[in-house]
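> Sharing a structure, written as structure tokens. Questions coming.
A short reminder: the numbers here are calculations on the coordinates, not readings from a lab. The structure presented is a predicted model; accordingly, all values stated were derived computationally and were not measured. Here Cβ is always computed from backbone atoms with ideal geometry, including for glycine, and neighbour counts include all displayed protein chains.
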Amino acid sequence: MKKLIFVSIFTCFSLFCLCLILPKVKEINNLPNNMIITYEEIKDLNNNDEYSSAITFSLPKNLDVASGEEITTTQMTVKLFGIIPIKKMNVKLLNNTDVYIGGETVGFNLFSDGVICVGSNSVVTKEGLIEPTVNTEIKDGDALIKIEDAEIDEIQDIDRIINLPIYAGKELKLTLKRNHEEIITKATPVYDLLSQRYKLGLWVRNNASGVGTLTYIKQSDFRFGAVGHPIIDTSLGENFEVNNGKIYKCKLLGIKKGEKNNPGEIRSTINLGENAIGVADTNCKYGVYGNILSKNLIDADRTSSLGGRMSVKLGDAQIYCSVDGVVKAYDIKIIKTNKQSHADDKSMTIKITDKELLNKTGGIIQGMSGSPIVQNGKIVGAVTHVLTSDPTRGYGVYID
């Protein structure tokens, strides 16, 4: 009888523990199969029993990080009771996470590979109006990178090449770049009676500009991240594929406060005649990246380390931004975190609580994108979007 009672109690206790652990196991399985993490985060996960005291995060015992590399690629195993593996993840271990905290409002002038096609028009010829590219493969947003074997670097290259004696009036091979793939098409330039030059009838541009906030500068190599979302080509409404670019200091003109259904903005100007403070080489879903040239931008008193999604907690945090010409820390609360199984720019929901910032801006405004989110001494994310229905709230992306 006593044995039966013991078995019943043990079974009930086991079921109770299982009910507690299963939701945590589900959370673990929702973690991405590929992620970036630091040694400190793994240590904290285990020491603080982040998911459960029955769940441990472990790395290979023979892991060698003595090479001095900034990133070590390995596999992390999550175990139940230290024995049963419940998930394996490919991880990149950050070995050097020291950064300077950003917050400065900066301007970007980005250039594409080739020139970007943004439309076409008809050319006035002796046969009437002709649109030379109407039956080609060219789409708005394509980068025109070559005509025949001649590379296109600037807008003026198109006119120069198609008017060379060997090409004038002939059908020409055009090389386009679309979504990182090359596409070949053909078109015949026509003689324009107005300019007395051969024309393709293409509207093109090769740069996009925008304003955002610097997120961080790595102390090891002065690599920077900024904005938290891509610089958009306003004529196309899509990401601008960058070949090269420069970043500049901005001159603050004023603040337009945000209101419900009426986003505010930081009003500023970019002086392209000044020396650039950095060069950009990437414009992607998670922001603009490159290298800082001017160390005058660095504030040695604003230092931090990077903390990935495993470092983010609900509760108090700060954002750094410059809405009056000086970088300051302002209080916020992280009110929601998303357990994302894949990368996305709406990783967490934040709420501005700082009265000074609310008085100045009404909440999150355009130009604050990229403002670093700092919690417990670590940069854990960057501001990406404002909720138009409530400008005091917005989204942030995990720093990893």
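> What list of ³J(HN,Hα) couplings, whole Hz, do you get for segment 146-152 from phi and the Karplus terms 6.51, -1.76, 1.60, once you set θ to phi - 60° and write x for glycine and proline?
8, 10, 6, 9, 8, 6, 9
> How high is the relative contact order of the chain? Use alpha-carbon pairs under 8 Å, at least six apart in sequence, and give a whole percent.
It rounds to 16 percent for the chain.
> Could you give me the radius of gyration and the Dmax of segment 49-132, taking only the C-alpha atoms into account and expressing both in angstrom?
That works out to 27.6, 84 Å for Rg and Dmax.
> Taking just the alpha carbons, could you work out the radius of gyration and Dmax for the chain, both in angstroms?
27.0, 108
> Spin-label point model (7 Å from Cα, Cβ direction): what's the Gln366 to Lys339 distance in nm?
Reported label-point gap for Gln366 and Lys339 is 3.7 nm.
> Would you pull out the residues with amide H under 5 Å of Leu174's amide H, same chain only if 5 or more places away, H placed 1.01 Å from N?
Those lying under 5 Å, H to H, from Leu174 are Glu148, Thr185, Lys186, Ala187.
> Now for a different question. Measure nothing fancy, just the Cα-based angle from helix 2-29's long axis to the longest principal axis of the chain, in degrees from 0 to 90, nearest 10.
Helix 2-29 sits at roughly 20 degrees to that axis.
> Mean shadow of segment 305-398, computed from the convex hull of its alpha carbons, in nm²? All intermediate terms of the calculation are to be shown ahead of the outcome.
Numbers: hull surface 22.6 nm².
Its Cα hull, projected and averaged over all orientations, spans 5.7 nm².
> Treating segment 244-384 as a set of equal point scatterers at the Cα positions, no solvent, please give the Debye-formula log₁₀ I(q)/I(0) at q = 0.16, 0.18 Å⁻¹.
Taking Cα atoms of segment 244-384 as identical point scatterers yields -1.00, -1.25.
> Can you work out the FRET efficiency for the pair Asp44 and Glu127, with r the C-beta to C-beta distance and R0 = 56 Å, to the nearest 0.05?
On the way: r = 74 Å, r/R0 = 1.32.
Step by step, r from the Cβ atoms, then E = 0.15.
> Taking the Cα centre of segment 22-96 as origin, work out the dipole magnitude from +1 charges on Lys and Arg Cβ and -1 charges on Asp and Glu Cβ, in debye rounded to 20.
Roughly 400 debye for segment 22-96.
> How long is the gain from Ser305 to Phe81 if the chain were fully straight, where each residue apart is worth 0.36 nm and the alpha carbon distance is subtracted? Could the numbers behind the result be given before it?
Numbers: separation 224, 0.36 × 224 = 80.64 nm, distance 3.12 nm.
Extra length from Ser305 to Phe81 when fully extended: 77.5 nm.
> Quote to one decimal, in nm, the extra length available between Lys88 and Asp281 on full extension: 0.36 nm per residue of separation minus the C-alpha distance between them.
Numbers: separation 193, 0.36 × 193 = 69.48 nm, distance 3.34 nm.
Contour length minus Cα-Cα distance gives 66.1 nm.
> Figure the gain on full extension for Lys139 and Leu63 (residue separation times 0.36 nm, minus the Cα-Cα span) and round it to one decimal in nm.
Using 0.36 nm per residue and subtracting the Cα-Cα distance, I get 22.4 nm.
> Tell me, Cys321, Cys284, Cys250 in order of fewest to most beta-carbon neighbours within 10 Å? Spell out each step's value before the answer.
Working: Cys321 28, Cys284 13, Cys250 23.
Least crowded to most crowded, the residues run Cys284, Cys250, Cys321.
> Report the residue, chosen from Gly254, Gly273, Gly212, that carries the largest GNM mean-square fluctuation when the chain is represented by alpha-carbon nodes joined by springs under 10 Å.
Gly273
> Would you mind calculating the relative contact order of segment 22-96 from Cα pairs under 8 angstrom and at least 6 residues apart, reporting the percent as a whole number?
In percent, rounded to a whole number, it is 36.
> How big is the gap, in Å, between the Cα center of segment 241-301 and the Cα center of segment 180-225?
Taking the Cα centre of each part, segment 241-301 and segment 180-225 sit 19 Å apart.
> Measure out, as a whole number of angstrom, how far apart the alpha-carbon centroids of segment 352-393 and segment 334-349 sit.
Using only Cα atoms to place each centre, the spacing works out to 15 Å.
> Students often get this wrong: which residues of segment 312-348 have the backbone nitrogen under 14 Å from the point 7 angstrom along Cα-to-C-beta of Asp390?
333-337
> Something else about it: Once the mean 1/r over all distinct Cα pairs of segment 22-96 is inverted, what Kirkwood radius in angstroms do you read off? Write down the numbers at each step before the final one.
Working: mean 1/r = 0.0781 Å⁻¹.
By the Kirkwood definition, the hydrodynamic radius is 12.8 Å.
> Once you place label points 7 Å from the Cα toward the Cβ at Asn376 and Lys260, how far apart are they in nm?
Taking the two extended label points, one gets 3.6 nm.
> Karplus couplings for segment 82-97 from phi (6.51 cos²θ - 1.76 cosθ + 1.60, θ = phi - 60°), rounded to Hz, Gly and Pro as x?
Values per residue, Gly and Pro as x: x, 10, 8, x, 10, 6, 10, 10, 7, 10, 10, 8, 7, 9, 10, 10 Hz.
> Among Lys313/Lys351; Lys249/Lys378; Lys256/Lys360; Lys146/Lys177; Lys24/Lys79; Lys336/Lys360, which pairs are too far apart, with a Cα-Cα distance over 19 Å?
From Lys313/Lys351; Lys249/Lys378; Lys256/Lys360; Lys146/Lys177; Lys24/Lys79; Lys336/Lys360, over 19 Å: Lys249/Lys378; Lys336/Lys360.
> Return the long-range amide H neighbours of Ile152 (sequence gap of 5 or more, or a different chain), with a cut-off of under 5 Å between placed amide H atoms.
Sorted by chain and number, the residues that satisfy this are Lys146, Ile147.
> Could you work out the mean projected area of the convex hull around the alpha carbons of segment 84-205, in square nanometres to one decimal?
14.1 nm²
> Ranked highest first by the average count of other Cβ atoms within 10 Å around their residues, in what order do 31-38, 354-361 fall?
The most tightly packed comes first, giving 31-38, 354-361.
> Let me ask something additional. Students often forget the sequence filter, so: which lysines lie under 19 Å Cα-Cα from Lys126 once same-chain residues fewer than 8 apart are removed?
Once the sequence-local lysines are set aside, what remains near Lys126 is Lys170, Lys199.
> Could you list the residues of segment 130-149 with an amide nitrogen less than 15 Å from a label point located 7 Å from the Cα of Asp192 in the Cα-to-C-beta direction?
130-133
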